[in-house]
1. May I ask you to verify whether Ala200 is buried (at least 17 other Cβ atoms within 10 Å of the Cβ) and either under 23 Å from Val76 (Cα atoms) or in contact with a helix residue (DSSP H, G or I) (Cβ under 7 Å, 6 or more places away or on another chain) (or both)?
2. Search the stretch 203-223 for residues being farther than 23 Å from Gly78 by Cβ and among the acidic types (Asp, Glu), and hand back the single one that is nearest to the chain's Cα centre (by Cα).
3. Does the stretch 241-254 contain at least one residue that is among the basic types (Lys, Arg), crowded, with 24+ Cβ neighbours inside 10 Å and not in a helix (DSSP H, G or I)?
4. Quickly run through the stretch 203-229 and pick out the residues that are aliphatic (A, V, I, L, M), in contact with a helix residue (DSSP H, G or I) (Cβ under 9 Å, 6 or more places away or on another chain) and open to solvent by 10 Å² or more (accessible area, probe 1.4 Å).
5. Might you let me know whether the stretch 228-245 holds any residue that is among the small types (Gly, Ala, Ser) and within 23 Å of Gly117 (Cβ to Cβ)?
6. Whether any residue in the stretch 196-208 is touching a Phe, Trp or Tyr at 6+ places or on another chain (Cβ under 9 Å), hydroxyl-bearing (Ser, Thr, Tyr), at pLDDT 95 or above and within 17 Å of Gly83 (Cβ to Cβ) is what I want to check.
Amino acid sequence: MTERNDGGIAPLFDPLTDPLPVLDGVRHGERSPGPGNDDCADTVELPPVGALVGFMAHDRPEASGSPPGPDLLGGVAGWGAVGTDGGPFQLVPVRAERDLPLVTQWMNDPAVAAFWGLAGSGTATADHLRAQLDGDGRSVPCLGVLAGVPMSYWELYRADLDPIARHYPARPHDTGIHFLLGNVADRGRGLGTLLLRTVADLVLDRRPACGRVVGEPDLRNTPSLAAFLGAGFRLSGEVDLPDKRAAVMIRDRALRALL
């Protein structure tokens, strides 16, 4: 479902160097989700124009602050864009000064809040992001930008260095994924499955040392479970985490071509 960025696809958006992307003509809801009907329910309406302008206004170095620091995931900021059935997709590491209003809005959607628990004025979301941004690089929060529009939130993390490693037989360089879709109209159309497979493929392509991509969705979140299964993950087991009973979903590099 994805294409490698081997020169045929230019990076979608670089907040340090690129001019403002043109949003005119990008009509929400017209992206093709590709095959599959499952989706992730950990998901909100596209942000108002002001929120999009806030994201795009940080394209100049003097406006954007310091670029993201090094991470333990192979430099997510440099992974570039890949092609999908819904258009070019890129993970853009979060910058709190630019992205906090948008992520806060998404976290206040009831369907998101039920599983993320970060609803409110923004303090909870800000603390959640800051813990990652000020950490040692083992977790990288990102916006997912599809066809020029920031429309999803992702966290890539070193599962082998995370507390979850105490709850399943972790292997070195296991890479975990959390995600939500930011638009109600994108749910139930297979877009979550498409992008979950895309990001898992990105991890395996850009991190040669990683043999497995791991998810741990809440067992109550059946749309999320369906998205993981549709994206080639297998159910490895169930575990009790501090805030939920979770399904351990694993996508194996060795089985990548089969699932």
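1. Spelling it out, Ala200 is indeed buried (at least 17 other Cβ atoms within 10 Å of the Cβ) and either under 23 Å from Val76 (Cα atoms) or in contact with a helix residue (DSSP H, G or I) (Cβ under 7 Å, 6 or more places away or on another chain) (or both).
2. Among those that are farther than 23 Å from Gly78 by Cβ and among the acidic types (Asp, Glu), it is Glu216.
3. Looking for residues that are among the basic types (Lys, Arg), crowded, with 24+ Cβ neighbours inside 10 Å and not in a helix (DSSP H, G or I), one finds at least one in the stretch 241-254, hence yes.
4. Of everything in the stretch 203-229, those that are aliphatic (A, V, I, L, M), in contact with a helix residue (DSSP H, G or I) (Cβ under 9 Å, 6 or more places away or on another chain) and open to solvent by 10 Å² or more (accessible area, probe 1.4 Å) turn out to be Leu219, Ala226, Leu229.
5. No, because not a single residue in the stretch 228-245 is among the small types (Gly, Ala, Ser) and within 23 Å of Gly117 (Cβ to Cβ).
6. Yes.
The values are calculated or read from the model by the stated rules, or taken from the named source; none is laboratory data. Small disclaimer: the values here were computed from a predicted structure and weren't measured. Counting neighbours? That spans all protein chains shown, and the Cβs are built from the backbone with ideal geometry, glycine included. For the accessible areas, the whole protein counts, side chains as well, though only heavy atoms, and no ligand, DNA or RNA atoms are used. Shrake-Rupley method; radii C 1.70, N 1.55, O 1.52, S 1.80 Å.
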